[in-house]
Amino acid sequence: MSVSQTTFHAALLDPAAAIPEGLLDAAAQPAGRRFSVYRNNVAVSLTDAMHQAFPVITKLLGAQNMDGLAGIFLRKHPPSSPLMMFYGEEFPGFLAGMEQLSHLGYLSDVARLELALRQSYHAADKEAAPTDALAIPPEDIMRARLGFAPSMQVVRSDWPIFSIWRFNTEDGAPKPAAVAEDILITRPDYDPAPHLLPPGGAEWISGLQAGRTIGGAFEETAAQIPEFDLGATLALLLQGGAITSVTIERLAT
């Protein structure tokens, strides 16, 4: 009797499931013990992958609690690709849906930040624009459209997730304050780094990604957030090598 792939995978990811009936080893003998060892190895490998992908979540919850969550997660969201760099993409949503963790509302957003850092690391390479690409007259700067590196990420949150991440990764970092924080991730020298965006920074970058000029996005952002610091946000993009092209919109004649 053959074992269906669906039955095999379901038993492989659930340690409480019975060993599929009819499963044989290479010697045509019942593969019960070998299957149990293989199932345990798979669970351990996927659990280790979750620890590596979400080290701050692991620190916040404790290794033992993370082990338990990883076991539940792998049964609900089995790997869809043999490439482990993609495993765990559903984890932020999974955390948001865990009623037992509802008192830790920031967890899913911290997981989104960690996932964005990993996605930035694995993103395609694209050469950054020269550092003097915006050394142009001010009127031209405001009419410029920017292209961005695939590794650039923006994560927005109602929680102080940058401060939480930093407090759990850097010695001597200050304790997080109860404020919303938006984060820009850039990848200079192939090493993703998060940066706290000033108020309005995420909105302005979103406008640029939608195809607006620097000036057009600035006007929209400043109308909502008068204290928006254009220079500080632009400096973060330039220093992080996030800008890959600068195109000046030509005036109609």
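Points worth noting:
- Enumeration of residues in segment 205-214 that are surrounded by fewer than 15 Cβ atoms within 10 Å (Cβ to Cβ) and either more than 17 Å from Ile183 (Cβ to Cβ) or in contact with a Gly (Cβ under 7 Å, 6 or more places away or on another chain) (or both): Ala210, Gly211
- The sole residue among Ala217, Ala202, Ala222, Ala242 that is assigned by TED's automatic domain parsing to the domain that holds Ala135, among the hydrophobic types (A, V, I, L, M, F, W, C) and surrounded by fewer than 17 Cβ atoms within 10 Å (Cβ to Cβ) is Ala222.
Condition check ((1) out of contact with any Pro (no Cβ under 8 Å at 6 or more places or on another chain); (2) of a type in the set (Val, Ile, Thr)) across all residues:
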site: Ala177; (1), (2): no, no
site: Ser206; (1), (2): yes, no
site: Ala223; (1), (2): yes, no
site: Asp229; (1), (2): no, no
site: Val246; (1), (2): yes, yes
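- Looking across Ile57, Ile136, one residue alone is crowded, with 20+ Cβ neighbours inside 10 Å, on the phi < 0 side of the Ramachandran plot and hydrophobic (A, V, I, L, M, F, W, C). It is Ile57.
- When Glu99, Glu127, Glu170 are screened for being outside the structural domain of Gly207 (by TED's automatic domain parsing) and either out of contact with any helix residue (DSSP H, G or I) (no Cβ under 7 Å at 6 or more places or on another chain) or buried (at least 19 other Cβ atoms within 10 Å of the Cβ) (or both), only Glu99 passes.
- Index of the failed condition, Gly88 passing every other in (1) assigned to a loop (DSSP other than H, G, I, E, B); (2) free of Cβ contacts under 8 Å to residues at least 60 places away in the same chain; (3) surrounded by fewer than 20 Cβ atoms within 10 Å (Cβ to Cβ): (3)
- Under the condition of being touching a residue at least 60 places away in the same chain (Cβ under 8 Å) and in a loop (DSSP other than H, G, I, E, B), the residues counted in segment 126-142 number 8.
- Among the candidates Ala53, Ala70, the residue that is within 17 Å of the chain's Cα centre (by Cα), aliphatic (A, V, I, L, M) and at pLDDT 85 or above is uniquely Ala53.
- Looking at Glu220, Glu139, Glu127, Glu114, just one residue is of a type outside the set (Lys, Arg), modelled with pLDDT under 95 and over 15 Å from Thr244 (Cα atoms), and that residue is Glu139.
- Any hit, segment 135-155, residues being touching a Lys or Arg at 6+ places or on another chain (Cβ under 7 Å) and farther than 26 Å from Lys59 by Cα: yes
- Filtering segment 75-85 to residues that are at pLDDT below 85, assigned to a helix (DSSP H, G or I) and loosely packed, with under 14 Cβ neighbours inside 10 Å leaves only Met85.
The values are calculated or read from the model by the stated rules, or taken from the named source; none is laboratory data. Here the structure is a predicted model, which is why all the values come from computation and not from measurement. Please note: Cβ atoms are built from the backbone with ideal geometry, for glycine as well, and neighbour counts cover all protein chains shown.
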